[in-house]
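Just so it is clear, none of the values below were taken in a lab; they were calculated from the coordinates. Being a predicted model, the structure only gives us computed values, none of them experimental. A quick note on method: Cβ atoms are made from the backbone with ideal geometry, for glycine too, and the neighbour counts reach across all protein chains shown.
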Amino acid sequence: MLPETRHENPDWLDALRETGAEVFAATGLPTPANEDWKYSSLRKYEKEGFQISDIIGEIDTNDLPKKLLDKRIVFVNGFFQPRLSDQVEGLKAVSLLDWLSNEPEAVQENLVDVGNLSDMPLKAENTAHIRDGVALVLDAGVHIEKPIEILYLSTTKGVEVKPKYYLRNLFVLHDGAHLNVLENYQGQGTYAVNHVCDIALHENAEFKHYRLQNEDKNAYHFCHTRLMHHARSSYETVTCTRGACFSRHDIQSLLIGAEVSCNINGLYMLNGVQHFDTKILADHMEPNGVSKQLYKGILDDETRAVFQGKVHVRRPAQGTDGRQLSHAVLLSTAAEIDAKPELEIYADDVQCAHGATSGALDEDPLFYMQSRGIPKDQARRLLLGSFLSEVIEDIDCAAIQSIFQAQIDDWLLSHQGAL
Amino acid sequence: MLKIKNLHVEIDGKEILKGLTLEVPKGEVHAIMGPNGSGKSTLSYVVAGRDGYEVTKGSIEFMGKDITEMDPDERAALGLFLGFQYPVEIPGVTTTNFLKTAINAQRKARGEDDISPVDFLKLQKAKTEQLGIVPDMLKRGVNVGFSGGEKKRNEVLQLSMLDPKFAILDETDSGLDIDALKTVAEGVNAMRGSEKSFLVITHYQRLLDYIKPDVVHVLAHGKIQKTGGPELAHELEEKGYEEYINAA
């Protein structure tokens, strides 16, 4: 059951898809020979033999996970579901198909600048298959401070192949607009999902962007985010990762305006054979920008996490403050973290710092807590919980903070035996 | 209350305690003094139940129960407390949260209900005022960024809030200036009574001017070498530990 396409495909979109297809045909899937993919192999993913699927089984409200916030926008298998979604005031558009039928020129303006696709094979593949996705567009000065949940549900219900879904997401905040969003990735079964997210923050715009990646443990999750930061705009993102057997998250933040603020943070909790790879670029092009990255995670069993973060400070970007930190706790000797923080600086008047730590849980605090009567498993939970909570302690939206806290608590409790 | 019999303890195959026998009855304050490397801290850790300290012979009995094989938290719930020589930092866990978690964990182990939030806050307020602890400290991560004196005050705060039957104070005087030492000693003295016992471990006699012991033991070469009254501490202060160090 496909939603009706109310708009015929404009020529520019067909051309864009074709470009994506051509580039992807030439590059193929990235391999570890590609520096960006040094620590992550897609061989297992390739063997799964995922196929493009347009099928959306009968989904009603009862099939959806619990609503996390007051307002929710729902996508199932890559397509917007107005029937299952709440109305949100202040939005010019909600889905790409919607927006395309109302303002194709505006969509074109925001979609065509895709960057160099040959460096981003999975984005090229996504571009070849642009259909629907979320498109939240806020006019200048519109403030949506109350967080909105966007649920991306992927199912294999009624699908005979191992399905592969593509979403093309756009967030456009015009001058001075404010938006607060929680993207919630959920699903059941063995599927792959490829999200591409383009964000335009015009002058003085403020975007609080939270993500909860809780895909099925058999799923593959790819997400490529590209952020255009105009002057004095501010961006704060926290991604909580606990799902998928393989996930890869690319974030390119282009600080093209002066005095922007960009916080990219993440926490992850992995067990079994999960593999989670994050690659971040903060590219400072103009003066007095602040960018911070903090990633913290817990790895159990045979899991592996990769953190490649880079702060690039170009010559005009004087007064830049760039920081990146990666901290990981390894609960098993078979778990692995590869952290590669990088600084590349061409301006002289900057403050930049980076660091990475990894290790087992410290025994001293454990004994200290036990000596006060706290049983070892509870002491471990408390220590691990507080380790992760640092990532969420600066979130000023209480609703979002408590959602993340609940995820941490839930994961730690469900691993009580293993801890 | 605490009975240690012929205790032999090894760390990484090296014997540190070599047949230590010690009894601290209810209501008494005992001091253990000894030179560096005599096994003082080992004694405190092994009584508290730290991993890595292997009891090869002998036993530790507390409140009539053999605790030699018990986990540290089980010992704590029975009413045993160790004040650390070097209190540990726990980033991200506030002192208040830590205290509440510890109190409730002990209550749970004893089959009691959680302390009510109101009672907890009342207790905390009373004890922090008594010890001259600024409320801001309670909101910070346990011992994170605390000075040496603040850490020791925090130990005594935990001691007085957890209200154990028996407390070991391991070199509580180290790193304290005289004012902090007095405050800490007052906190301990306020808890003394016929139902509580203390084992004060120290290298110097100074602390014992403020926490007056009933009995003083000299520990050297992994054994109690001598036991006496408070005058023994003064004797040690004058003569030093030489006679015990050379005894072996």
Quick one: if the Förster radius is 35 Å, what FRET efficiency do A:Lys67 and A:Thr19 give, using the C-beta to C-beta distance and rounding to 0.05?
0.35
Set the Förster radius R0 to 51 Å, insert the Cβ-Cβ distance between A:Lys44 and B:Ser59 as r into 1/(1 + (r/R0)^6), and round the FRET efficiency to 0.05.
0.40
For chain B, the longest principal axis of the Cα atoms and the Cα long axis of helix B:117-130 enclose an angle in degrees, to the nearest 10, of 50 degrees
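Using just the helices of chain A, give the 222 nm mean residue ellipticity in deg cm²/dmol: DSSP H runs with n ≥ 4 each add -39,500 (n - 2.57), and the total is spread over all residues, rounded to 500. Display every interim value, and only then the final one.
Details: 8 runs with 86 residues, N = 419.
Here the helix-only value at 222 nm equals -6000 deg cm²/dmol.
Going down the list A:Lys208/A:Lys296; B:Lys18/B:Lys40; A:Lys38/A:Lys310; B:Lys5/B:Lys182, which pairs span over 24 Å between their C-alpha atoms?
The answer is B:Lys5/B:Lys182.
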Using just the alpha carbons, could you tell me how many Å³ per residue the convex hull of chain A encloses?
142 Å³
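Based only on other Cβ atoms within 10 Å, what is the fewest-to-most ordering of A:Arg381, B:Arg153, B:Arg192?
Ranking A:Arg381, B:Arg153, B:Arg192 by Cβ neighbours within 10 Å, fewest first, gives B:Arg192, A:Arg381, B:Arg153.
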Quick one: B:Tyr241, B:Tyr45, fewest Cβ neighbours within 10 Å first, how do they rank?
B:Tyr241, B:Tyr45
For chain A, the charge dipole (Cβ of Lys, Arg +1; Cβ of Asp, Glu -1; about the Cα centre) points to a positive end, and the Cα of A:Val159, A:His202, A:Leu117 closest to that extreme belongs to A:Val159
Taking Cα atoms, the helix B:95-109 axis meets the longest principal axis of chain B at an angle in degrees (rounded to 10) of 70 degrees
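Report, in deg cm²/dmol and to the nearest 500, the calculated mean residue ellipticity at 222 nm for chain B, where each DSSP H run with n ≥ 4 adds -39500 (n - 2.57) and the sum is divided by the residue count. Intermediate values should be presented prior to the final figure.
Numbers: 10 runs with 96 residues, N = 248.
The helix contribution divided over chain B gives -11000 deg cm²/dmol.
May I ask you to derive the relative contact order of chain A, considering only C-alpha pairs under 8 Å and at least 6 residues apart, and to give it as an integer percent?
On the way: 1039 pairs, mean separation 40.4, N = 419.
Normalised by residue count, the contact order of chain A is 10 percent.
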Could you tally the net charge around A:Trp411, taking each other residue with its Cβ under 11 Å from the Cβ of A:Trp411, Lys/Arg +1 and Asp/Glu -1?
-1
With +1 at each Lys and Arg Cβ and -1 at each Asp and Glu Cβ, the charge dipole magnitude of chain B around its Cα centre, to the nearest 20 debye, comes out at 420 debye
Amide proton proximity set for A:Asp132, modelled H, under 5 Å, gap of 5+
A:Arg168
If one computes the Cα centroid of the stretch A:314-340 and of the stretch A:237-288, what distance in Å separates the two points?
10 Å
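Only counting other Cβ atoms within 10 Å, I'd like A:His143, A:His129 sorted with the fewest neighbours first. Don't jump to the answer; show the numbers that get you there.
Values: A:His143 13, A:His129 19.
Arranged by neighbour count, lowest to highest, A:His143, A:His129 become A:His143, A:His129.
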On the formula 1/(1 + (r/R0)^6), with r taken between the Cβ atoms of B:Ala109 and A:Ile52 and R0 of 45 Å, the FRET efficiency rounded to 0.05 is 0.20
Equivalent ellipsoid, chain B (semi-axes from 5 times Cα gyration tensor eigenvalues, Å):
29, 21, 16
Of the cross-linked pairs B:Lys14/B:Lys127; A:Lys47/A:Lys376; B:Lys108/B:Lys139, which ones have a Cα-Cα span greater than 31 Å in the structure shown?
B:Lys14/B:Lys127; A:Lys47/A:Lys376
